[in-house]
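Structure first, commentary second.
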There are 2 protein chains.
Amino acid sequence: MATGRTHRPATRSRGIPEATVARLPLYLRALTALSERSVPTVSSEELAAAAGVNSAKLRKDFSYLGSYGTRGVGYDVEYLVYQISRELGLTQDWPVVIVGIGNLGAALANYGGFASRGFRVAALIDADPAMAGKPVAGIPVQHTDDLEKIIKDNGVSIGVIATPAGAAQQVCDRLVAAGVTSILNFAPTVLTVPDGVDVRKVDLSIELQILAFHEQRKAGEEAPMETAVGEGALPASAPRGAAADDSADQGPDGDVPAVMPA
Amino acid sequence: MATGRTHRPATRSRGIPEATVARLPLYLRALTALSERSVPTVSSEELAAAAGVNSAKLRKDFSYLGSYGTRGVGYDVEYLVYQISRELGLTQDWPVVIVGIGNLGAALANYGGFASRGFRVAALIDADPAMAGKPVAGIPVQHTDDLEKIIKDNGVSIGVIATPAGAAQQVCDRLVAAGVTSILNFAPTVLTVPDGVDVRKVDLSIELQILAFHEQRKAGEEAPMETAVGEGALPASAPRGAAADDSADQGPDGDVPAVMPA
DNA sequence: CCATCTTTGTGCACGCGTTCACAAAGACAT
DNA sequence: ATGTCTTTGTGAACGCGTGCACAAAGATGG
């Protein structure tokens, strides 16, 4: 998957392990699908298969929430949907602002999945004056100057950053200062935030690079051609300045427009 | 952050821990920035700060690649850029296809970060005949019918799925059958793939839900109002059908158009 | 050539997460 | 009521990842 972690390490929130929290949305999605098909109950085995995990893990995950199953039968779908929704805080409304309405920001604004799960796009914000007032996904874009006022007027606590990397930290600082305590970062930068603020990042480039690593490894294993493709053929005495030809085509990566993480 | 993992669990690729692989792109980005500023060497402390990790972790990560540092001095920036690039397989060209040219697919196609790191958009594919031939980001969209031929002609091994959830598995199967062995999935579904195929997923909705969980917890701690907001006040005898009012507004989540993961 | 200082590389311990395997609990039939 | 069968909930073991703390390595200056 495509997600790096930036939350505090071993912070067991209310006894629920972080790894479990990360899987709850997966279970919820599978359960919602079952609910729509009016399936009354489901076993840990079936649900685990639908969510793509093994059943032991699922049962242990649920055990952190309480004993919601019935032995010999399974779990009540509706009931579990409710419990997980409540646990994730999805029974309440979360106003969200998106900052940086470029290619990606616009795509996010148009994303229908926002509203369906308690998330509501309260405002779109961009630094380009030419964008101001222009409607995107039916919502008029507002200028960065009004960021603080927008946050406070709408009681926003979750912000989405889809700006170029260069602007991300500054936007982040302003969001936090205005009261935002959770940030979803699409910009290819490491954000620095004070304690108590959660940051999660989505980074396309990183995901692709991880895939490339495994892809290279696969290729190297199947066909150990030449001097072993993926292997470090050169010991410690490798050409120290051999990176010259490679660094040339690496443009200003941290300055790409507001499209997608790099 | 916004990334779920779907790779095989404890697969130490060539001795390099998965957690380390996931951080290499972070280091590479920080190093590239230093390289552009013509900084010759960097200490583990400085680089760690730039990448947002602690120095011990960084040094241990690098130790898996080999001894590329100089005690008392630090790491040679150019040399390290080269080594990490090579390790990640970024010294070669990776043709990539994007399937599903909706809002998100188009944003991805326009993403400049692709080309800058060895990734090249070889083709855009969509099921809508009306899209065929229409250029997006300067590349003409091709119809799904030609998927297999496109994959083979271009030697594509990495596919990006940005279709609606309903079409994702089918597209995935076709990609895999055609020879793709790495998939980056933006559709809100669990993909089932044969052994040897890597899947990573990017899921906006999941990330937001995780943030909401923490956000709710924060709110519940600060103000333990009413009957403890995030707490399960109801034991095992909770209202079994209480989910009715909640499941109403949850529309067909798995069927959203090709915009973004739900 | 020796002493000092800086910074790497890593042995070790600890904690989280995963998995196994099974006892306990309940449904269901007789 | 009793027995059988299914499925949950969890104790325990294991493995990976993280962070500490320090010895080893090399640079630098006298």
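Quick look at the values:
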read-out	value
Peptide A:78-88 - average C-beta neighbours from other chains (10 Å radius)	6
Other copies of B:D173: label-to-label distances in nm, shortest first, labels 7 Å along the beta-carbon direction	5.3
Inter-copy spacing of A:Y64 label points, which lie 7 Å from Cα along Cα→Cβ, given in nm from shortest upward	2.3
Peptide B:114-120 - average C-beta neighbours from other chains (10 Å radius)	5
Charge sum, other residues only, whose C-beta stays under 9 Å from A:G69's C-beta, Lys/Arg counted +1 and Asp/Glu -1	+1
Within region B:62-77, backbone nitrogen closer than 16 Å to the virtual label 7 Å beyond the Cα of B:A56 toward Cβ	B:62-63
Rounded to whole Å, sorted largest first: equivalent-ellipsoid semi-axes of region B:1-153, Cα gyration tensor	37, 17, 14
Radius of gyration, Dmax [region A:94-204; alpha carbons; angstrom]	12.6, 36
Distances in nm from A:K152 to the matching label points in the other copies, shortest first (labels 7 Å along Cα to Cβ)	6.4
Set A:K201/B:K218; A:K152/B:K57; A:K134/B:K218; A:K57/A:K218 screened for pairs whose C-alpha atoms are more than 31 Å apart	A:K152/B:K57; A:K134/B:K218
Amide H contacts of B:V202 (H built 1.01 Å from N, under 5 Å, at least 5 apart or other chain)	A:A2, B:N185, B:F186
Estimated inter-spin distance, A:E46 and B:S63, nm [label 7 Å along Cα→Cβ]	5.0
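Read-outs throughout are calculated quantities, based only on the coordinates presented, and are distinct from any laboratory measurement. Since the structure is predicted, the reported quantities are computational estimates derived from the model, not experimental observations. We place every Cβ from the backbone using ideal geometry, glycine too, and count neighbours over all the protein chains shown.
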